[in-house]
Structures are given as C-alpha cells and as structure tokens.
1. For A:His376 and A:Ile132, compute 0.36 nm times the residue count separating them, minus their Cα-Cα distance, and round to one decimal in nm.
2. With N denoting the number of residues in the stretch B:488-530, provide Rg(C-alpha) divided by 2.2 N^0.38 Å, to two decimal places.
3. Could you please tell me the mean projected area of the C-alpha convex hull for the stretch B:480-596, averaged over all directions and given in square nanometres to one decimal?
4. Picking from B:Val540, B:Pro570, B:Cys581, whose Cα lies most toward the positive end of the charge dipole for the stretch B:529-595 (charges on Cβ: Lys, Arg +1; Asp, Glu -1)?
5. Bins of 20 Å, beginning at zero and ending with the bin holding the largest distance: percent of Cα pairs per bin for chain A, please.
6. When the Kirkwood hydrodynamic radius is evaluated over all pairs of different C-alpha atoms of the stretch A:129-257, what value in angstrom, to one decimal, is obtained?
7. If I require 20 Å or longer along the helix axis, counting alpha carbons, and a Kyte-Doolittle average no lower than -1.0, what helices from chain A are left? Use full DSSP H segments.
8. Give me the base-10 log of I(q)/I(0) for the stretch A:1-92 at each q in 0.16, 0.18, 0.23 Å⁻¹, Debye formula, one uniform scatterer per Cα, rounded to two decimals.
Amino acid sequence: MINCKVNGIPVQVAEGATILEASKKANVKIPTLCYNPDLAPWAACGICVAKIEGSNKMLRACCTPVAEGMNIITHDPDIVETRKTVIEMILSTHPDDCLACPRNQNCELQTLAQEFGIREQAFPKMLHDLPIDDTTGSIVLNPEKCVRCGRCVTVCQQMQNVWAIEFLGRGETIRIAPAADAKLGESPCIKCGQCSAHCPVGAIYENDQTKIVWDALRKTGEDAKTCVVQIAPAVRVALGEAFGLQPGTDLTGKIYTALKRLGFDVVFDTSFSADLTIMEEGTEFVKRLTSALQNGLGAATREKSMPLITSCCPAWVDYLEKYFPDMIPNFSTAKSPQQMMGAMIKTYWAEKANVRPDKIFSVSVMPCTAKKFETHRDETMYSSGYQDVDVSITTRELARMIKQAGIDLLNLPESEPDSPLGPYTGAGVIFGATGGVMEAALRTAYYLVTGNELKDVNFTAVRGISGIKEASVHVNGVELRVAIAHQMGNIEQVLNEVRKARDEGRDTPWHFIEVMACRGGCIGGGGQPYGATDEVRKLRIRGIYDHDEGKEYRCSHQNPYIKKVYNEFLEKPGSHKAHELLHTHYTERPLFLK
Amino acid sequence: MAYKNFILVCGGTGCESSRSDEIYRNLLAEAEAQGVKSDVQIVKTGCFGFCEKGPIVKVLPSESFYVEVKPEDAKEIIAEQVVKGREVKRLLYRKEQKTQDSAKVEDIEFYQKQFRIVLRNCGVINPENIEEYIARDGYRALERVLFEMTPEQVIAEIKASGLRGRGGAGFPTGIKWETARKAVSDVKYIVCNADEGDPGAYMDRSTIEGDPHSVLEAMIIAGKAIGANMGYVYIRAEYPLAIERLKTAIAQAKEMGLMGKNILNSGFDFDVEIRLGAGAFVCGEETALLKSIEGNRGMPVPKPPFPAEKGLWGKPTVINNVETLANVPVILTKGAAWFASMGTEKSKGTKVFALTGKINNSGLIEVPMGTTLREIIFDIGGGIKGGKKFKGVQTGGPSGGIIVEKDLDTPISYESLVALGSMMGSGGMIVMDEDDCVVDVSKFYMAFCVDESCGKCSPCRIGTKQMYNLLDKISKGNGEMKDLENLEKIGKAMTKASLCMLGGSAANPTLSTIRHFRDEYIEHIVDHKCRAGKCKDLVVYSIDAEKCIGCGLCARKCPVPCITGEKKKPHVIDASRCIKCGECFKACKFGAVVKS
C-alpha cells in the first residue's frame, strides 16, 4: 500500500493507483472528460490536471501513479483556472445546439460547463463542417459534436478489437472516422454501439427510431396495424437508471404496463423466445455432441461441428462473418431470441389471433444497437414473408418514449405479459448476462441428454464479469468443457485456441462457447442507459439472477408455453418448420465494402 | 607514398547545395589532368560549420581556408596550391572585407570561441570511410567498454560526466541508462532520435553527415551498458545525405566486425537499423517516436511509464538524441572528469547550435556550456547583418522564447535559458533584428505548431489554432485588447495542461514576446501600426511628392501595377490596389517611397 495525501487528507491506496483514484478515496472529485473507467487512460482532454506540493507542474490525474509520501493538490486557483480555460477551449470547437442534441441533459461536457459556471463563450468559435455518417442504421456519427476524447477509438480498437474507427488527419483537423474515410456502413463496424455508450457527448449515438414507432402507434383507420412489442431480458434491470433508480432495479411488471400505456396492443417478452432459442440451440448442441461422441472429438473439431458457438448476439455474428469466416460451420444456426420472436409473432401468433401478418407492426426493445441491424441482416430475417421485426429500439429510446408520453413509470401498477409468447422461465431471462446463455443451455442440455431434471440449476462457474470464463460439467459421464467470452476484444484469444487445435489435428479445448460482444453481456449493451461501469454491470447482473431465482420454472424446457408452441405449431425442436422459421445461416463478409 | 597536400571539401548539405560535390569532382579531375594525382588526397568531409561562407575548402598542411569556392576554382587551386605550392589568395577568408589579412582557422573569430567534441570529426574526416574515423580514436571507446569495463562502470562514467540529453529536456543520460539497465526484460532497445525538426536547426543532420560512426559507436556502447542487442536510428526522410552516410557507416562497421554478431569476438551482439520518419515534428517527442517505429500514429502517450522502463513494444528502451550519443565515445576515452571540467555547475560539456537569422556568420557552432549568448552572437556570429540593431534571439525553435539584449550576458545552461522564459531545445538559435516584428515571428512559430500538433490533446490542438487566429487578427490590424488577454490565458493553460512538450512549449514564443515587447503588440492593436513593417496589412506605401523626381523606376518595378504618374512628375500609389510587396520602396533611390 502507498500512503499519500490529497489536499492534506491522508489516503492509503494500492500500488499503481492513480491520482484520480486516490482523490476519489479522499472524497475529492477531479473533473474528467476523456477518462472512462472501462478504458486505459488516453490522457487527451487535459482537464483532470493536478499538482504535487512543491511543484508548479500540472500532471494528469487520470494516468499519473501515486508515489509514497505524495502531497497531491487537486484544487487551487491556478488548477481550477487552467481546467476552466481548457473547457472553454473545447467549447469553442463545439456547437451550441444543446437543446437539439441527443445528449441534452446527459452530456458530460454540458455538465462540466455547468459545474464550472461558464456563462459566455470565452473564445471565438472554430467549428468543423463535417458530414453526419448514418450509414449503419444502428449508430450515427456526428463529427461536428466530437470532442476528440478518443474514447470511441479506444473502445473500438482495444476493448472490442474491431478497428472500425480511427483518428484521421492531424492537429486541428483531426477527426474520427473509419480508415481511409470509408463510411461506417462500409467499415468493419459490428454495430455493437459501445462507442455510443462511451461517448461523453452527442457525437456517436443510436439511430433514434422512436418516430417510426410513434407513427405506427398513432395510426388509425385503414392504415392502423396491430402493434406488438417484445422486451429483452436486459432492458428490465437497466431502464430504471434513466429514471434515477439504482442499476439492477427490476422493473419488468411496470415496463409491461408502460408499454401498454404507450399504445402497444400486445406485449410479449423476449425471454420467452430465449427459452425457444435454448430448445433449438440445445437440441443442435446435443445432436452435435452425440455425433462427436460417436466419431471422436478430433473428427468433430476437424469437421467444425465442435465446438458449437452461440449466435444470439448480432454484433458477434457480424464480427465472426468478418474476422472468423473459417469458423462459420461452428456457429449455431439458431436465430437470436429477437428474431425467433419476430418470426413467431407474424406466423404462429398472427394465425392464432387472426391478424394478417402484414397488418402487424412488430417492435422490439433491446439493450442493443446491433439489433437494429439484425432486423434486416439477411433474407432469413423475413421468414414470415414480411420483415419479422419491423423496428428495434434501444432501452434509451424506450426511456425517452415513456417520458414523452408522460408516463410515471416508477409508480405504475405491475402487469403480466400477454400469452402465449410472454411467460418465460428463469433460463430465458439470464440470457441478458454473460454466461447466461451457456447456463440456460446447460440446464436444458442436461435434461435432453439424461432425461432427468437437475437438482441444482445454478452453474455459478459461468457467471461473473471476468472476460473469459471456463467451466466443465459432467453429464452422463461425459465431461463437457465450456468457455464464455464477453467484450469482443476477449474472443480472439479463445477462437485462436480452437483454430490452433483444429489446425494441429487436436481436440477442441471446449465443446460449447458462448460469446457476447459487450462487456457483461447484454446488460452492458450499447443501447443501455449511459454510465455503465463494472460496478453498474455487476448490479444489473445481480438484478437478472435475482429475477431468475424468483421464477417458478428455471429451465427452458419446463416452460408450459414452449411445450404449447411445439405441440401446436413447431412440432419438435429442429423440425423442418423450426428450421424454416427459427434458423439462419452465415456468409463470409469483407471488412471494407468497395 | 606520401601525399604532399590534403584538400578537404565540405560535403555538408549546405555546401552540397552550393555545388560542393562539383568542386570535389573538378578537383579530382584537375589533379588528374595536371598530373599531380599522387601528390594530393582530396577528401569530402562533413560540415565545417561556417555555412555562411560555404562552400568551404581547406588545404593541409598549409591550413589554407578557402571560402565561397566555386566549381570553376578547382583548376586554380590545383595549379597554385598543389603544383606551385602557393595559396590562392583571392579565395582565402578575410576577417574584414577591406583588409588583405588572410586568416587561418585559428585566426577566424567564428572558430575561436568554439570547442568541438560532438563535431570533432566534422570537416576533418571522410565520413564515408570508417578507417578515417578509427584513425582518430574511433571505436577505441567501444573496445574499452567491451573488454575493460563492466556495464556498471560505463554507466557510472557517463553519470560522473554530467552528460545530459541534448534533445532539449536535459535529462541526465547516465540515469536514463541506469534505469534501463535495472529494468528486467528479455529484450531491450536503444533508439537514436535523429528526428530533428525545429525550423532552422541542423545540428543532428550535420553530425550524422560528418561523423556517423560517432553515433553508431555510442549506440553499441549504450547497448552493452543496458543489455540491449538492437538499436534503431529514427531519422527523418528529408535527410537523404545523412541517411546515405548512415547506411554506408553501418555496412562498414558490420564488415569490420564492429557491429552485428559477436562484436570484436567479445560475445556481444548489436545491430542497428534505420527507421525513416515522415517529418512530423511531434515524432521527435520520445513516446510519439516509439509509436511511429511500432507502425502506429505518431502520438504521444502519457509518462510514466517512461520508455526506459516500458518503451518500444513495451520493452525498456533508451532514447538518446544524436548529439547526446556523439559525446559518449569521447567521454569514455578522455574520461568523465575531463568532460565535467567544461561547462556550468549543472550543465557540462559543450552544446552545438545552428546559428541563423540576421547574423553575419550563420553556421554550425559548438561551444562550452556557460558561454554567453553575447559571445555567440557577437564574437562567433560576428554580430548583426548590415549593422542593424539586435532585437532578440530565439533559442529552442518553436518551443523556445525570445531572449533580449539585457539578458545576453547570461551563461548558457539548461536552467538559465528556462529562467529566461526560453529553453535549450535541440539547439536552434535564430537571431532577429529591428526589421523583425514580434507579432509576425510569433505567428510564424504558432503556424508551425498548428501544422505540427498531432491533435490528440485538446489544449494543444485547440490552443495553437486559437492563438494563431488571434495573432493573425492582430497582425491584420483587427485586434482588440481582449485578444492580448486571451493569448496569455490560452497560452498559460496550454503550457500547463498539454500532454507533451509540443503543446507545453508552443506558447513560449508568443508569451515571451508579449512579455518583452508588449508595447509592440499594443501598437498593432491600438495604432494599427507595425514598426518593423512586416505585417503587410498594417503597412501603407505612399510617395512623397516633394522627393519624387518622376523617374518611373518604382512604377516599372511594381508588379500590380498600381503606381502611375507622368515622366518627371511626382508619382502616386493607388493604395487600394497595392499588394505591399515593398518593391517600390526598395527601388527608389531618392527615399521618396514612404512606408508607414
């Protein structure tokens, strides 16, 4: 431990702790802009400066390690004035259209300006007239608002290992864009939206599609459609943050009520189709495993039927098609819960409810920006004959809609989702957290292989926030080895080991791999309320698992409504009909179009 | 076979661009033609330093110092000096234009106060011949380091010498080496920073051009001292001659077993590779330089960790600049005590400066630390051109500040220059006279920083551009007093909050000129007047009708043209069309064109 003082207050910190961390311990807040706890300090903005007693030199608190006996000064007139001038400089390059900005009242620069009492433009404006890039349909890049803090670049390159965006140009003309000034839509971008979740200002944000939803909800007469909505597992434990609640607060019942009040005719829950995904993917896994047990794991590895890799995450699907096309055969063909729900709504439910599929407007509320892209990813997303999911909006967009509608979310009565695509099991809801798909799959795979129910459904080894997790489970005398990776930057290491084993003729180290593109899984998705840190993610994860604990059924195959849809419509998991509606395929894609 | 004469032709970039290569070839051809080929050895050397008078040719043993030599002079030099044993009087350097006293090197004031350690071989040896370097004790230090000293002893010797980084910051070299030695790692690196980028500076280029082996030898020594087996020279691609000579030197050193595997059978391996920089000024900053070698954008990263702990590809790396390294072999052959006997208390040894601007003897000089600026400018530099009044001297290039008359007697050291609001920098020294405008000069340096800012940190990226815009506004006569305050406000914040020293020092030229010449700034703002006449928008040319005789010369010189008038009658300038090029002012023999 290191002893130091912050403004005279003694503090003990761990070796390697920064001035910023030491100050936090002393309950002193040093203002920051480019710093984000998820990322290695990029040290660009120059706002977090502090001094060491006896020196007039200013050091960056975000990246300067504390030394034994250091007397840190965080606030003196010189420091505060310097910070203020730097903020004023940044404001001189930033448009003043806060009122029309997607980050209004949620902008870190705006907050700084407010805290520093800035009441006038200190310096002449120097704005850049740069075009908006909305070519992905998922996220929008507005370089005019960009403060060049570099967070998005660090996220995209270091955290996610995608390398879609880069700094271009130098000096005053530096800007953020894909390499060679390609458009985002032509770049390796996987639409995970982590850039937008980390952007401190309104420079990268989700493509706001609330207007399309409002229009559909408000249509009357001939044009009116039946509006059906589904909400993803991760939304329920994060939406509250947009209304001032603690992360992890479970608002499931209130959200159903709010959706109804917004005007949706039918409210379903994606957790139900997560159960459906488990049935399809679990069956697929058991089939592949059986074959591997017969013919040897080495052969299965060579033939790319083992390991099976999950495919619920559209950003991950995009990444694999671009960076690991040789592993496409390892990918589960099961669609994501969003798309399964979409297909079921416009086929099974439409028939049941006697509504023409072309008269259904299907909306999904997702923690994710890539889900917007997934709705039209390829032709299998139109398996009902129409676009299965018409619009996907993020948690942030839903929060805005609820506020626009004047709905007092926190005091709403709770309600239940509609049947039959509403009721779900605990297995369905844990899809929202890293390790959750794996755990849900194991719960059902055990049943499918052994025919017995598990005594304890909790596979705690696959839970938690560490980037790569491994576990092994004994099923009928077979040791199943599984790996879980979340945060895109962690996956390359795992897949390279599989590749290596395959190319060297060895057995794959794992039978089943779960991948989620965002840190913490969907609860840390790019469309969730701002301000996710590991602390926040852990609380959201706890909310998810608490929800699971409280469910009567905790394994997908136990869901009575799942049984019902197979009986009435889908026949059995992996049937011809299930394949038509609930499965997809993958194609190698170039990193850069053109 | 002994040569009777040796002719040394300067092969520095300056003299080369004044056709010294042609002089060299002509001398060779003439020696052949006049049948004295075996009597004379003609050598192309590195820079002599006296660039003002280049191309330089020096003949030994007579010590004849020829200046401003032209290729056609080769015939006469061979015929007189080699064949007849007489000096070519007309080419000899004279102290004063009027006197007939020719001067030997030791008589030339330009050289008198100089002391050459770094430039010891420049202008003396053929840089493309390793044997000439070896003949002057070259690689002797390496031999000692490999066979007579432990790495700890080498580091102790460098520490004892008091050698500090010559790239600008002045960090003690021995301590840097010690840190890297102590760092535990399988791989370590030595990097030579040859990314010299200050406008008007060419110390490092000349050192490599004139004596590449001194740098290479030092890199191998540093490698042995810290336990590195690989070195990189990061040099800007705009230095083709230096790169060429470096390549030749590396090849020769490898051929002689002085570089590569098992150097001199010592069991120590060391290789050097060249990495070309694309000319970004910020890549002279060590962390940006390393990023550039790694193939990334040249952008600084925060320190700590310092490169000596975690540098190139995360491995301990010593980065020393060219001049720092060139000192090393001499320190190890002559001893730390000898080196430390020169200079001031905290700044030891010598410093090389590129002396340019409004000075009589511009060129490359090396003086002991502690020499005063006055000695450099007025003794070595021979004072201000055309008898004009000295206004200030800019040290440290775009990162430094202006130093004025009253501070000229300050002995030069790292600390003293910082105390004057400037800095040592890498050694550029630009002298300004009364015709230089401080607003114009500040704007020039700020334009440079705007271009060279990498754009990473907001204080530098925005601050340089804001300050440039304000300076531009003032220079155009649109300034307000508030702009002066803003210049100081932004400058101060930029200095304190920038990530690297590019931004940390970019405001220095502006802030120091505001400090010393505030009245001139105010003159620009309030009176819309530029006393030096440099800020074109503030200058008005007119013709004094009483003095004008109507010769029409000004009208003929005017490129617009905007001067009209009948023959032998006073002419008139149409101010609305005048582009303020000043041609009429220069042309008028009667002082009738008035600049105001």
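1. Values: separation 244, 0.36 × 244 = 87.84 nm, distance 2.22 nm.
Additional length available on full extension: 85.6 nm.
2. Values: Rg = 12.4 Å, N = 43, 2.2 N^0.38 = 9.2 Å.
After normalising by residue count via 2.2 N^0.38 Å, the value is 1.35.
3. On the way: hull surface 36.9 nm².
Orientation-averaged projected area of the Cα hull: 9.2 nm².
4. Going by the Cα projections, it comes out as B:Cys581.
5. 20, 51, 26, 3
6. On the way: mean 1/r = 0.0588 Å⁻¹.
About 17.0 Å for the stretch A:129-257.
7. Working: long enough: A:77-92 (22 Å, 0.31); A:270-295 (36 Å, -0.15); A:436-450 (21 Å, 0.73); A:534-549 (22 Å, -1.43).
Helices meeting the span and hydropathy rule in chain A are A:77-92, A:270-295, A:436-450.
8. -0.59, -0.74, -1.17
Taken together, the values in this text are just the output of simple stated rules run on the coordinates, not laboratory data. Predicted model only: the values in this text are computed from it and were never measured. As a convention, Cβ positions derive from the backbone with ideal geometry for all residues, glycine included, and neighbour counts pool all protein chains shown.
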